[in-house]
Amino acid sequence: MKVTPNYKEKKNGMLAPVLMVTVLIFMLFSLVPNASSWASESQLVDAERLQDIFSTYVKKKGPWEEADVEITNLRVLPKRIWVPVGKVSFEFDSEALAFHLGRVSAVATILVDGRPVRKARVCGYVEVYKKILCAKNGLSKGQVILPGDLSLVRLPISKLRGRFFDSPGQVSGLAAKRSIRPGQVLLATDVAKPVLVKRGSRVLIVAASPNLRITVPGIVEQRGAQGDYVRVKNLDSKRVVVARVQDENTVLVNF
């Protein structure tokens, strides 16, 4: 015969588990401090101060002049950092920090009353601006560069590929190896010593010592700039010698 419990018994059976869960929840929350108590024992790290310290550190420790460095897109990760109440200070590991242009990041140790408690990562984009030599006017291939052809412009250097110049004296008297647009940055690969002699140029071959000087006519067999060694044919003996270019009309040989 099937026995069905009455309603009162079913109700009492359902109340017991509910009562037990309620007691457990009460005990759990009684062990957790309230929010105001927790906040009073902690403080939020000043992210802007950490960014400023990072910027100052990079500018002072990096290989560039401080006035030339600009750091943008600064971020601190994590964004919100809680630490115990006390005097907060920061330390950066100089050996771990790579001093280069572009995206740079470093791990900072956060100390409270001199005791390390947390770590955070600071990121920023480092750029260096310098006065760089540019072509004031367009230059044609082979044109000898004069001071009036140049201007100094303050530009970021991170995207320059090659050695640049910062003084007109570094390129004045050199020749453009290719056509150069007005305003274009001059790189070491764009300039060279001007060619003084070419294949077929007639020159004077000079062999000199303190007591003797011999000169013979010659014809150049290859192009060369001042100081270059080129092959020259002696028109008297028909022999080919190697001589150093002195100017457009003279080459020197060892006596």
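Throughout, read-outs are computed from the coordinates displayed, never taken from laboratory work. Note that this is a predicted model, so its numbers are computed, not measured. Cβ atoms come from the backbone with ideal geometry, glycine included; neighbour counts cover every protein chain shown.
Observations on the structure shown:
- Within segment 229-240, if we keep just the residues that are of a type outside the set (Lys, Arg) and closer than 27 Å to Gly142 by Cα, the residue that is surrounded by the fewest Cβ atoms within 10 Å (Cβ to Cβ) turns out to be Tyr229.
- Gln226 of a type in the set (S, T, N, Q), under 30 Å from Val153 (Cβ atoms), surrounded by 13 or more Cβ atoms within 10 Å (Cβ to Cβ) and touching a strand residue (DSSP E or B) at 6+ places or on another chain (Cβ under 7 Å): yes
- Residues that are closer than 11 Å to Ala176 by Cβ and without any contact (Cβ under 8 Å) to a residue 40 or more places away in the chain within segment 141-150 comprise Lys141, Gln143, Asp149, listed in sequence order.
- Residues satisfying the stated conditions in segment 58-93, i.e. farther than 20 Å from Val117 by Cα, β-branched (Val, Ile, Thr) and surrounded by fewer than 16 Cβ atoms within 10 Å (Cβ to Cβ): Thr72
- Applying the criterion of being without any contact (Cβ under 8 Å) to a residue 24 or more places away in the chain and not hydroxyl-bearing (Ser, Thr, Tyr) to the residues of segment 92-114, the residue that is farthest from Tyr57 (Cα to Cα) is Leu111.
- Flag for Val153 being of a type outside the set (Gly, Ala, Ser), in contact with a helix residue (DSSP H, G or I) (Cβ under 7 Å, 6 or more places away or on another chain) and not in a loop (DSSP other than H, G, I, E, B): no
- Options Ile71, Ile132; residue that is part of a strand (DSSP E or B), closer than 30 Å to Phe164 by Cβ and in contact with a Gly (Cβ under 9 Å, 6 or more places away or on another chain): Ile71
- Residue in segment 154-173 that is more than 25 Å from the chain's Cα centre (by Cα), under 30 Å from Lys130 (Cβ atoms) and surrounded by 13 or more Cβ atoms within 10 Å (Cβ to Cβ) present: yes
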